[in-house]
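Read the structure below first, then the notes.
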Amino acid sequence: MYVIGLTGAIAVGKSTVASLLAAKGAAIIDGDQVVHALYAYNRALVARIVARFGPAMLTPDGSLDRAALGRTVFADPAALADLESLVFPHVLAEQEQLLARAQREGRSVAVLDAVKLVESGAGCLVNELWIVTAPAAAQRRRLQDRGLDAAASAARLAAQQPWESKAGRFLQEPPPRPVVLLDNGGTLDELAGQVERLWRDQWSMSSG
């Protein structure tokens, strides 16, 4: 099974690319969904998060308050690094299990979709890295469409690594593997055209 790593900063359109690939038969492993599931079901992880960040991270029913956690960590780079050190090992283990399941199902291509794919160490799981880029103004607009105000949007964007950093780090990891850039600064049709060309030129044989 061939694994595409799909990454990029927040609100660049990774989910759109993933949807286009899913329509072509690729198995999609969504990093956000993996994290949210861990927050919902991994009580030991939640307990460690609360021990680090305090009981204000819990809702009245005892579940993790993701909004409160986000406000805390995206305002403090050191806090974000601490959270990532707690969460990333669990995410990586879950991604490995989901990839194994996709392979058992006979999938030819799987997509590992995650903002911090390279930073989390999951680059070792992929055969090729696709990085989606978009203008900062488009990212801000998409974040605000999701309900974040201007200050919260700016904090989220400031916490992101530039695509050049992701690409450079991935290219330094053995074995040598390609990096592909997708520009989501235009229309949906233009983005779909890029995905179609990549799929036709590089993936049609793998997808069977």
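Give the lysines reachable from Lys166 as a straight Cα distance under 21 Å; neighbours fewer than 8 places away on the same chain don't count.
Straight-line reach from Lys166, under 21 Å: Lys14, Lys116.
Convert each backbone phi in segment 29-44 into a coupling constant with the Karplus relation 6.51 cos²θ - 1.76 cosθ + 1.60 (shift: θ = phi - 60°), then list the ³J(HN,Hα) values in order as whole Hz, x for Gly and Pro.
10, 8, x, 4, 5, 4, 5, 4, 5, 4, 4, 7, 10, 8, 5, 5
Taking the highest mean first, how do the peptides 72-81, 143-152, 7-16 order by number of other beta carbon atoms within 10 angstrom per residue?
Peptide ranking by packing, descending: 7-16, 72-81, 143-152.
Dividing the alpha-carbon radius of gyration of the chain by 2.2 N^0.38 Å (N being the number of residues), what value is obtained?
It is 1.04.
Within segment 131-157, find all residues whose amide N lies under 16 Å from a label point positioned 7 Å from the Cα of Ser19 along Cα-to-beta-carbon.
Output list for this probe position: 142-143, 145-146.
Could you give the length gained by full extension between Ala68 and Arg200, i.e. 0.36 nm per residue of separation minus their alpha carbon distance, to one decimal place? Show your work: numbers first, answer last.
Numbers: separation 132, 0.36 × 132 = 47.52 nm, distance 4.33 nm.
Length gained between Ala68 and Arg200: 43.2 nm.
How far is helix 77-104 tilted, in degrees, relative to the longest principal axis of the Cα atoms in the chain, given as a value from 0 to 90 rounded to the nearest 10?
So the helix axis and the longest Cα principal axis differ by about 40 degrees.
Say each of Ala100 and Asn42 gets a label point 7 Å from the Cα, pointing the same way as Cα to Cβ; how far apart are those two points in nm?
For the pair Ala100/Asn42, the computed spacing is 1.6 nm.
Counting only residues 5 or more places away or on other chains, whose amide H sits under 5 Å from the amide H of Leu6 once H atoms are built in the peptide plane?
Leu112, Asp113, Ala114, Trp130
Between Met1 and Gln161, what length comes free when the chain is fully extended (0.36 nm per residue of separation minus the Cα-Cα distance, one decimal in nm)? Walk me through the numbers on the way to the answer.
On the way: separation 160, 0.36 × 160 = 57.60 nm, distance 2.87 nm.
Additional length available on full extension: 54.7 nm.
Using a Förster distance of 35 angstrom, determine the FRET efficiency expected from the C-beta separation of Glu173 and Asp76, and round it to 0.05.
On the way: r = 28 Å, r/R0 = 0.80.
FRET efficiency, Glu173 to Asp76: 0.80.
Read-outs: derived from the displayed coordinates by stated rules, not from any lab. Remember, it's a predicted structure, so these values are computed and weren't measured experimentally. In this analysis, Cβ positions are derived from the backbone assuming ideal geometry, glycine residues included, and neighbour counts consider all displayed protein chains.
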